[in-house]
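Below is one structure; the comments refer to it alone.
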Amino acid sequence: MYLVTGCNGQLGSELKRLLGDKADYTDRNTLDITRPEMVRLVVTPERYQAVINCAAYTAVDRAEDEAELAAKINIEGPANLAATGIPLIHISTDYVFDGKNYVPYIETDPTRPKSVYGCTKLEGERVVTNRAETAVIIRTSWLYSEYGSNFVKTMRRLGAERGRLKVIFDQIGTPTYAGDLAAAIVHILPQIRQGKKSIYHFSNEGVCSWYDFAKAIIEMSGLGCDIRPIESWEYPSKAARPPYSVLNKAKIKKDFGIRIRHWRDALRECIDNMEENGR
């Protein structure tokens with residue numbers, strides 16, 4: 001039996017769909033991972049063969065004002081799960097990088113987060129590496145799905161309401177369909193090697209800006225909204241974003257035999273699912 005924390009988020013919802021009754025699913029109301037005594041009581045080796053930690057504080061701008069809460073969820077929570085001794089798959093982020101690379105980031109590149117969110121996620125990686133006996137840390141980027149709040153759903157809603165939108169073109173990365181990341185995790189689960197701890201990168205293939213991503217969303221959704229490119233300074237945010245955060249996926253593909261599709265193909269499936277289900 002597996003345990004999935006943060007089960008109501010984008011990734012957790014996709015894992016529910018794929019794992020079904022092979023896992024137990026918890027949210028912060030049923031398992032507060034920041035409380036070590038609760039984690040010790042519930043998360044035991046007798047009960048679970050692996051834990052997939054999807055729980056995280058992900059409000060990037062709000063984290064600048066709620067650093068203590070972000071640290072509690074993104075650092076203390078993973079530390080408590082790692083201390084159980086159960087193999088742990090922990091989800092991290094491209095925001096651990098400063099975005100000054102000009103080629104896709106590999107796992108061993110220097111980490112220099114520019115935001116509170118990025119700093120707490122990086123420290124979460126470190127505590128997992130230090131405390132877990134067995135761990136797979138997966139950094140991902142620009143996550144979206146049919147569930148929850150995300151860029152795809154926002155663009156579809158605004159694109160239907162407005163005739164024109166301005167979207168940043170000077171931040172470059174790769175979208176990740178949560179369904180594809182969940183499928184990769186399910187593929188990895190039986191291949192986890194006891195006693196090994198490693199970091200991997202996963203996103204869909206290809207490269208784009210937020211502007212390119214928005215254009216594709218609007219076109220695939222059949223909307224007539226005009227998308228105009230703008231620079232980051234024209235849309236100021238409280239937290240700094242990495243201007244370039246493309247992830248190199250060679251390691252995860254080699255170690256686990258994973259094939260990854262292009263972001264446009266994944267986006268097409270997601271939008272088709274949204275329209276089929278009226279989302």
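The values are calculated or read from the model by the stated rules, or taken from the named source; none is laboratory data. Everything numeric in this text was worked out from a predicted model, so none of it was measured. For neighbour counting, all protein chains shown are included, and Cβ atoms are generated from backbone atoms with ideal geometry for every residue, glycine included. Protein only, heavy atoms only, side chains kept; ligands, DNA and RNA dropped before computing areas. Shrake-Rupley method; radii C 1.70, N 1.55, O 1.52, S 1.80 Å.
The table for this structure:
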{"read-out": "Members of region 246-257 that are assigned to a loop (DSSP other than H, G, I, E, B) and touching a Pro at 6+ places or on another chain (Cβ under 9 Å)", "value": "246, 248, 249"}
{"read-out": "Filtered residue count, region 115-137, keeping only those that are under 22 Å from residue 86 (Cβ atoms) and open to solvent by 60 Å² or more (accessible area, probe 1.4 Å)", "value": "5"}
{"read-out": "Any chance residue 87 is open to solvent by less than 50 Å² (accessible area, probe 1.4 Å) and touching a His at 6+ places or on another chain (Cβ under 9 Å)", "value": "no"}
{"read-out": "Output for region 18-40, where each listed residue is open to solvent by less than 50 Å² (accessible area, probe 1.4 Å), in a loop (DSSP other than H, G, I, E, B) and not β-branched (Val, Ile, Thr)", "value": "27, 31, 32"}
{"read-out": "Residue count for region 44-63, restricted to those that are open to solvent by 60 Å² or more (accessible area, probe 1.4 Å) and in a helix (DSSP H, G or I)", "value": "1"}
{"read-out": "Condition check for residue 182: of a type outside the set (D, E, K, R) and within 18 Å of residue 17 (Cβ to Cβ)", "value": "yes"}
{"read-out": "Test: residue in region 233-243 that is aromatic (Phe, Trp, Tyr), closer than 27 Å to residue 120 by Cα, touching a strand residue (DSSP E or B) at 6+ places or on another chain (Cβ under 8 Å) and surrounded by 16 or more Cβ atoms within 10 Å (Cβ to Cβ)", "value": "no"}
{"read-out": "Condition broken by residue 7, with the remaining ones in (1) open to solvent by 20 Å² or more (accessible area, probe 1.4 Å); (2) assigned to a loop (DSSP other than H, G, I, E, B) satisfied", "value": "(1)"}
{"read-out": "Residue match in region 190-198 (condition: over 27 Å from residue 63 (Cβ atoms), open to solvent by 10 Å² or more (accessible area, probe 1.4 Å) and not in a loop (DSSP other than H, G, I, E, B))", "value": "yes"}
{"read-out": "Per-region count, region 165-210, residues in contact with a Cys (Cβ under 9 Å, 6 or more places away or on another chain) and under 14 Å from residue 151 (Cα atoms)", "value": "6"}
{"read-out": "Test result for residue 149, open to solvent by 50 Å² or more (accessible area, probe 1.4 Å), within 24 Å of residue 15 (Cβ to Cβ) and among the small types (Gly, Ala, Ser)", "value": "yes"}
{"read-out": "Tabulated pairs, region 131-153, first under 21 Å from residue 50 (Cβ atoms) and modelled with pLDDT of 95 or more, second outside any helix (DSSP H, G or I) and aliphatic (A, V, I, L, M), C-beta under 6 angstrom, 6+ apart or interchain", "value": "131/83; 132/88; 135/88; 136/89; 137/199; 138/91"}
{"read-out": "Selected residue [open to solvent by 40 Å² or more (accessible area, probe 1.4 Å) and either at pLDDT 95 or above or among the hydrophobic types (A, V, I, L, M, F, W, C) (or both)] from 106, 75", "value": "106"}
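Okay, residues lined up against (1) within 18 Å of residue 150 (Cα to Cα); (2) surrounded by 20 or more Cβ atoms within 10 Å (Cβ to Cβ); (3) of a type outside the set (Lys, Arg); (4) modelled with pLDDT of 95 or more:
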position	(1), (2), (3), (4)
212	yes, no, yes, yes
250	no, no, yes, yes
272	yes, no, yes, yes
278	yes, no, yes, no
